[in-house]
Structures are given as C-alpha cells and as structure tokens.
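Below: the structure, in structure tokens.
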Amino acid sequence: MTTARFVTASVLFAAIAGCAGAHARAPEISFAEPGLARGIAIADSLVNASIGTLSPGAVLLVAQDGRVLHERAFGFAQLNDYEGRPLASPRAMRTSTMFDLASVTKVLATTFAVMLLVDRGQIDVNSPVSEYLRDFRGSHLDSITVRHLLQHSSGLVQWQPIYYHAANSAQAYSVVREMPLAWGVGDARHYSDLGFMLLGHIVERVGRQPLDSFLEQNLYRPLGLRSTTFNPRAHGFTEFAATEQGNIYERHMVYDSTFGYRYRGDPMAWNGWRHYVLNGEVDDGNAFYAYGGVAGHAGLFSTAGDIRVLLDLLNDRGTYGGWQYIRPEIVERFFTRDKYQNYLGWQAPRDLPEGSFSHTGFTGTYVLGVPRFKLSIVLLTNRQNMGTDPRGYFPDLAPFQRAVSMAIVNGAAQAKASD
C-alpha cells in the first residue's frame, strides 16, 4: 500500500511549506505508530499555522481504534467583539469548549436519529415522506421519499429565510411544505437544508417527542456524552466558541440577490436580526428564529471529545464500549454509495480510502471517519469570529481541512504499510 493513492503530493507539501514558519511546541501524541505520529505532527503544525489567519482558534482530535492519540486546543474561543475589534483579553480555546456544529447537525443528530428508527423498523427510507407526515401531499410531493431527503435529491429548495414567514416549528413546516420544488424529484443532488428540516419533523412525528429529547434519551445519554445538546445555555453550559457578529452573512444573502442564494421576497418585511456576537446560540438563522434552536439541519453543539465517540461508533459498525447501538446491516445500508457517490446523510470524501465518511459545518467544523484505519478525526474551528473579507465571505477552510486530513490518513497508511 502506498500513500500516493490518497493524496496529491503537491497539495500536501504546499500546505506543509505554508506552516514552516510556525513556532509550535511539539505535540504530545500517545500510542501512535511512528508513521501515524508523523502525520499527526504535520496536521498539528497545519492547525497551529492557521490560527489568526483562517480562524481565531481550533480544536484538533485524532483517535484510532477507540483510543485518543492526540487532542489539542489552539488560539482563542473568542477573539473579536461585535464591531470586529480584538478583545483586550480574548478567551483561550480549550479542549472542553463547545462548538456550534452547524450542518454537522445533519449527520451527528438527524441522520443518527433516522438510523435508530430504521433499526427499530419504524422508518423505511424508501417510503414516501407522506407515510410519516400525512399532510405532506401534493403535486410531486407524493413521490419524495425519506431516501431522497437523506441524499439531497428531493428537488427541494436549498435555502431560504424561512423565518421571514415562520416564528415556530409548526409554521416552518407549513412554509417548507408549501414551497414549490426547485428541481424534479430524484433528478440530481442539490444540497438542501429544507430536506433535513423535514427529516427532523419525521423523527419527531415517528419518535413522538422533540428531536433533541429523542437523541438525548436514545443515543447521547446511553453513550455517556455529557456535552452534546441543542440550546446549550438552557442546559447550563457556559463555555463556547463564539461565531459571527449577529447574522451578517445571512442578511447579506437576503439583501443581495447576487450573493449566495437568491431571496425573491421583500428583504424589508422582517427585521429581527441579532446585533451581538453569537456565543452559545445557534448561528443558523432558520434554526434560531424559526425553530427555537432545535432543527434537523442545524442547532447541535458539542465538543471534540464527544464527537469522537459518535465517529468511533460508526467506524465500529454501530458498536461502542461493547454495546451494539445500531445493527451492522443498518450502518452498512446507510454507508453504501448512492448514484451520486455519497452516502445517506454523509459525504464520501474524494482521495481518501474507500468507506471514509465526512461532513462540514458552515461555522468551521469538520468531522471525518476512516474505517479502513479505524480513524476518527475532529477539526473544529470558529472561523466566523474572524469576520468577513471585503466581499462578505468567511475564510475558506476547504483546502486546510483537506490538508489536515490527508496528513493524518497518509500517516496511518505508512504505519499500516510498515506492519
């Protein structure tokens, strides 16, 4: 086995060269084989070099076969105030800091909830949505299945400010249900927040309790997760990675038809924007304003340590700590590539070993599982607190996330080849 199959050398070497000037202390890496230890050290240097340019702070965790090999916090949990000015005494990032996971909610909350209900025989992913949401009927809606929602091929609109028309979950559901489709059902993959909003409603209808309660009782608490929840402030948590200064990005999308997704309504029809640094409140506008912080597409908060447990469970085909939480055949069903070359809920990353699964969140979060090497990789950043560039965009983390993951996976491949 060679590492060339997993990485383009120029990409990784360029990333390594970019951190050559970083003055980082040598990371402590426990129990790792030499090849993997070198890969983790490279990844640690990349993260260290990103602080202050891509993000104010970060947490990197690497685990293999259920053992944490490396966990480190970098930089600051909050660097800038609402005006974008550096704080006189910025809060340090800690490994225990909770992050707004943004769209990682789709996989670590909603997809997991659907998997549990499929395992119990209460949901069939090939059944129409109307089987579970009886009033989800109408032209073309009847043909949308749960599978379509999970693989982002339902034809639903990708994003709209639902909060312009809804102030609670029930109203939001009605708005989504009545919104015309943007594409034909099953025609193509178009990543959609609205599809996962509907999945959240399905879980609540079938599970007969709110999404957050269902997950707490059926997954998070049994796994011993202590810092994974929606609306964390309401549960007494106080240590968070700050995100953006209000909802400046979404406001830009609503008011500027050339920026992001086009909103065809009147931007002046609603003006409930937050005007403070978001700290322990979900950044996503639809999750906050329309869903009260608990939604199928966004709203989950967690720590790197808790996320590692959820990735380990999937790497071990539904088992954790000797207990089977989801049957292996259900995990296999969800992690079989679809015609769009992704999984149900999860993305199949390019250039990584077959079976690898990942997801990103708009706030700057990234999670990756690599079953071939039993790797669980968590990279959490608070990039939004850096503010936007003159065009209105937050720092692009994709090349950075790819370089970090490649370094670790290449290290694991080297260790495997030397066995």
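The values are calculated or read from the model by the stated rules, or taken from the named source; none is laboratory data. On a predicted model such as this, the values are computed, not experimentally measured, just so you know. Using ideal geometry, Cβ is built from the backbone for each residue, glycine included, and neighbour counts are taken over all protein chains shown. The protein model used for the area step is the full one, side chains on, heavy atoms only, and it has no ligands, DNA or RNA in it. Shrake-Rupley method; radii C 1.70, N 1.55, O 1.52, S 1.80 Å.
Each pair of Cα atoms in region 339-383 enters the Kirkwood radius, and Stokes-Einstein at 25 °C and 0.890 mPa s then converts it into a translational diffusion coefficient of 220 µm²/s. Tell me which aspartates and glutamates have Cα within less than 16 Å of LYS416's Cα, excluding those fewer than 8 residues away on the same chain? Straight-distance partners of LYS416: GLU33, ASP65, GLU354. If you count the DSSP beta bridges with both ends in the chain, what percent of them are antiparallel, to the nearest 5? The answer is about 95 percent antiparallel.
The alpha carbon radius of gyration of the chain, expressed as a multiple of 2.2 N^0.38 Å, is 0.95. From the largest down, region 232-293 spans 39, 19, 17 angstrom on the principal axes of its Cα atoms.
Counting only Cβ charges, +1 for Lys and Arg and -1 for Asp and Glu, the dipole size of region 179-295 around its Cα centre is about 240 debye. Considering only the Cα atoms of region 72-224, their convex hull presents on average a projected area of 11.9 nm².
Protein heavy-atom surface of the chain, 1.4 angstrom probe: 49% of the accessible area is carbon and sulfur, with nucleic acids and ligands not counted.
Give me the distance between the Cα centres of region 321-356 and region 66-125, rounded to whole Å. Taking the Cα centre of region 66-125 as reference, the centre of region 321-356 is 20 Å away. For LYS339, the lysines whose Cα falls under 30 Å of its own Cα, not counting residues fewer than eight places away in the same chain, are LYS106, LYS374. Across region 149-236, C-alpha contacts under 8 Å between residues 6 or more apart give a mean separation that, scaled by the residue count, equals a relative contact order of 31 percent. Compactness ratio for region 182-286: Cα radius of gyration over 2.2 N^0.38 Å (N = residue count) comes to 1.35. Computed over region 111-197, the Cα gyration tensor eigenvalues convert (square root of 5λ each) into semi-axes of 20, 15, 13 Å, ordered from largest to smallest. Accessible area per residue for the chain is 40 Å², calculated with a 1.4 Å probe on protein heavy atoms, without ligands, DNA or RNA. When the alpha carbon gyration tensor of region 199-350 is reduced to an equivalent ellipsoid, the three semi-axes, largest first, read 32, 21, 15 Å. Using just its DSSP H runs of length 4 or more, each adding -39500 (n - 2.57), the chain gives a mean residue ellipticity at 222 nm of -8500 deg cm²/dmol after division by all residues.
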